[in-house]
Structure formats: C-alpha cells, structure tokens
Amino acid sequence: MNHVISIDIGGTQTRMALVDEDCTIIERYTFPTNPGDPVETMNAIKAKAAEAGWKFSSLAVSCPGPLDLINGVVLIPPNLPGWHGFRLVETYEHFFGKPTYLDNDGNLACLGEAVKGAGSGSRLVQYLTISTGIGAGLVDNPFSMVLMDLLKKSQI
C-alpha cells in the first residue's frame, strides 16, 4: 500500500503525518520549526520518517506564503525569515528521492476540511486559520479537486 507524507510547516511547529489513499492519518508527529533554517526542518522530517519506518510514494507540503507554486519556491513568508527564496520542491525531491507537492497552508487546510472535515459534502468551503500567521482558503466544488487527481497520479 502506498502512502504520502503530509507536512504542515508552520512558523513555530512542523506537523507531519503518514496518510493513506483514503486520506486517513496513520501516524503523526509534531516538532519545532526552525524559522531560520529550512534544511534543519527537512532533516528532522527525514529522521522522523526513518525512525518510524514509514514507506511512502510522495510528499505533500503546506507552507505559509507567499509561494511561487509554479517553481516550488518559498518566497518571503514573514514568519519564516530564513526560508526566503528556498527552493522547497526541488530540494525535497532531491533529498527524499520522491515527488513533492507544495501549496499554501490556508489552501490545504481548507481542502482538508472540504474532503474529510466539517465541509465534507459541501459545494463551497471557506476556511480561516489564525496561528503564528493568518491565512485563508476557499474550495469550490471539492468533488473535482486537484488533490484527488494528485493522489491518484501518485498511486496512493
């Protein structure tokens, strides 16, 4: 069975989970994010996954913006000053040897609510997140969402 490591990089904490093809969380970890060093956080993700013996086919990363989603780059998030210009997708794909997908944390939180949470079954889902930063997401017609296509392409 193929799985995805789902990673939420926040200004103070990083959360990671092993997720199956039904978007069910198998196991999860939380640890401090180093806002000044993206490589330290990447190394911690790899160490936790190896320690837990996780087998996975890809990584899905949520990160505060702004982001350059076409090129997979973290631009200038105010709560991650050391991450400015970090080529996350390219670096993670090289480091982990697996396809890596990146999107804004507010968008993916909204998508999670639309697929498996309180918005499941709704045509339109709005989401507001207030944590180290403030973000929002909007999902219209979650039944034809890109994430579901992405999961199928990853053969999860």
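Before moving on, here are some points about what is shown:
- Residue check: residue 59 meets all listed conditions (1) more than 21 Å from residue 136 (Cβ to Cβ); (2) surrounded by fewer than 20 Cβ atoms within 10 Å (Cβ to Cβ) but one, namely (2).
- Set side by side, the residues 11, 97 differ, and just one is over 19 Å from residue 137 (Cβ atoms) and small (Gly, Ala, Ser), which is 97.
- When restricted to residues that are in contact with a Leu (Cβ under 7 Å, 6 or more places away or on another chain), assigned to a loop (DSSP other than H, G, I, E, B) and surrounded by 19 or more Cβ atoms within 10 Å (Cβ to Cβ), the range 66-88 contains 1.
- Output for the range 1-29, where each listed residue is surrounded by 13 or more Cβ atoms within 10 Å (Cβ to Cβ) and farther than 19 Å from residue 99 by Cβ: 10, 11, 13, 14, 15, 27, 28, 29
- Subset tally (residues that are more than 13 Å from the chain's Cα centre (by Cα) and under 18 Å from residue 132 (Cα atoms)) for the range 58-108: 11
- Selection within the range 114-128 - modelled with pLDDT under 85 and surrounded by 11 or more Cβ atoms within 10 Å (Cβ to Cβ): 115, 120, 122, 123
- Any pair with Cβ under 8 angstrom, 6 or more apart, that starts in the range 46-61 at a residue that is touching a residue at least 40 places away in the same chain (Cβ under 8 Å) and over 11 Å from residue 98 (Cβ atoms) and ends at one that is part of a helix (DSSP H, G or I) and among the polar types (S, T, N, Q): none
- Listed conditions (1) among the polar types (S, T, N, Q); (2) more than 15 Å from residue 14 (Cβ to Cβ); (3) in contact with a Pro (Cβ under 7 Å, 6 or more places away or on another chain) are all met by residue 79, apart from (2).
- Among residues of the range 89-107, those that are in contact with a Cys (Cβ under 9 Å, 6 or more places away or on another chain) and either crowded, with 23+ Cβ neighbours inside 10 Å or outside any strand (DSSP E or B) (or both), counted: 1
- Cβ separations smaller than 9 Å between residues 6+ apart or across chains give the following pairs from the range 11-35 residues that are at positive phi to residues that are surrounded by fewer than 16 Cβ atoms within 10 Å (Cβ to Cβ) and basic (Lys, Arg): 23/116.
The values are calculated or read from the model by the stated rules, or taken from the named source; none is laboratory data. Please read all numbers here as calculations on a predicted model, not as lab measurements. Positions of Cβ are backbone-derived with ideal geometry, glycine not excepted, and every protein chain shown enters the neighbour counts.
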